[in-house]
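The values are calculated or read from the model by the stated rules, or taken from the named source; none is laboratory data. All figures in this text were calculated on a predicted structure; none of them were measured in a lab. Methodologically, a virtual Cβ is constructed for each residue, glycine included, from the backbone with ideal geometry; neighbour enumeration extends over all protein chains shown. In case anyone asks, the SASA skips ligands and DNA or RNA and just uses the protein heavy atoms, side chains included. Shrake-Rupley method; radii C 1.70, N 1.55, O 1.52, S 1.80 Å.
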Amino acid sequence: MGWWQVNADTLARSRFVLSPLAETFASLKLLHAGAGRHPGEQAWLRTHLPAYRELLAADPVTALLVRAGLGRDWIADFLTPTPRDGEAFAEEVARVRAVPADAARAQLRVSLAGPLPAALERDDELPERAAALLEWVWEETVRPYWARRRRVLEADVVARTAQVSRGGWAAVLDALRPGTRWLGENRLQVNAHEYPPREISGSELVFVPVTPQTGWVAWEEADRYAVVYPCAGVLADDHGRPPVPASLGALLGAGRAAVLVLLGAPMSTTQLVAVTGQALGSAGRHLRVLLDAGLVERRRAGRSVLYSRSAAGEVLVKAARRS
């Protein structure tokens, strides 16, 4: 397994960061796979996969670049620069474009675990091709949804920050993504691959949520490290919401039941509005009824008031799902 040595100070200084480029690259991975894990991803693929395949069919060199860059067990480093807090997509993708062609080829050989196709060996515009493809994925398949996806990602960050305050970093790290867990003795397992451990104490460490159900790690030399992980929510559209059991909808009403189902992870009223599409007043009324019934509880996390299912709410949702 691959793990990082992380001292207490580095972990205490670590933070969550949102990255349009990470969201775009995660979406590229989903397009390349061509299959979604849940209805939200499947609906998104039905909309965008045909155009993506047409694009690669018209540009065989870029198609080879995608296959090589995503690799077998490793992603070419230049495709996933470590996110920086507050960077816009244009700034992030400029860092991909600025990579020297020779460095890009060397990284592609690592990700492909072998020699490159001749077309990639001859091409001195590989970083430009990669940046142009990422720009297309951003403009055509991510940017139209970004405002809502961003709110879903922000909700995930708020929930995990609250989890840190309740159970410490170990509880959060164990639940980030498959293969990631806190091993104790200042060791963070980042994947299941047999890679040498890395000493990152004193470096900058960021955690980056994305809405597609994927993840990876990235670093810049020995100074900045990132763990990209799938957020607890799914793609930010109606198809991606957790299903509401019919019996629960009949008991509570469809809107109120939807709120209760979503509150398996803590959310604020604003975040519920973003995810459900309900009006602020409607979401507030649903929360008040659920609170009065003892199905939901609330607590303050910094400036936010977070709502989550109570023990009674958990029992009710689980019973409805079994029925």
Q: Take Leu28 and decide whether it is within 26 Å of Arg151 (Cβ to Cβ) and either assigned to a helix (DSSP H, G or I) or under 17 Å from the mean Cα position of the chain (by Cα) (or both).
A: yes
Q: Check Asp174, Asp156 and return the single one that is open to solvent by less than 40 Å² (accessible area, probe 1.4 Å), farther than 30 Å from Ala104 by Cα, among the charged types (D, E, K, R) and at pLDDT 80 or above.
A: Asp156
Q: For region 60-77, enumerate the residues that are surrounded by 15 or more Cβ atoms within 10 Å (Cβ to Cβ), part of a loop (DSSP other than H, G, I, E, B) and not β-branched (Val, Ile, Thr).
A: Gly71, Trp74, Ala76
Q | Given (1) polar (S, T, N, Q); (2) closer than 30 Å to Ala170 by Cα; (3) within 17 Å of the chain's Cα centre (by Cα), index of the condition Asn7 fails | A | (3)
(Q) One residue is enough: does region 19-31 have a residue meeting the conditions surrounded by 13 or more Cβ atoms within 10 Å (Cβ to Cβ) and free of Cβ contacts under 8 Å to residues at least 24 places away in the same chain? (A) no
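Can you pull out every residue in region 271-298 that is over 21 Å from Leu316 (Cα atoms), assigned to a helix (DSSP H, G or I) and without any contact (Cβ under 8 Å) to a residue 24 or more places away in the chain? Break it down into steps so the answer makes sense when it comes.
Restricting attention to region 271-298, the residues satisfying the condition of being over 21 Å from Leu316 (Cα atoms) are 271, 273-275, 277-282.
Narrowing further to those that are assigned to a helix (DSSP H, G or I): 271, 273-275, 280-282.
Matches in region 271-298: Val273, Leu280, Gly281.
Residues that are surrounded by 14 or more Cβ atoms within 10 Å (Cβ to Cβ): which helices (runs of 4 or more DSSP H) entirely in region 78-129 hold 2 or more of them?
Working: elements: 89-97, 101-112, 118-122.
Qualifying helices (runs of 4 or more DSSP H): 89-97, 101-112.
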Q. All but one of (1) buried (at least 17 other Cβ atoms within 10 Å of the Cβ); (2) farther than 21 Å from Ile75 by Cα; (3) of a type in the set (A, V, I, L, M); (4) touching a helix residue (DSSP H, G or I) at 6+ places or on another chain (Cβ under 8 Å) hold for Leu188; which doesn't?
A. (2)
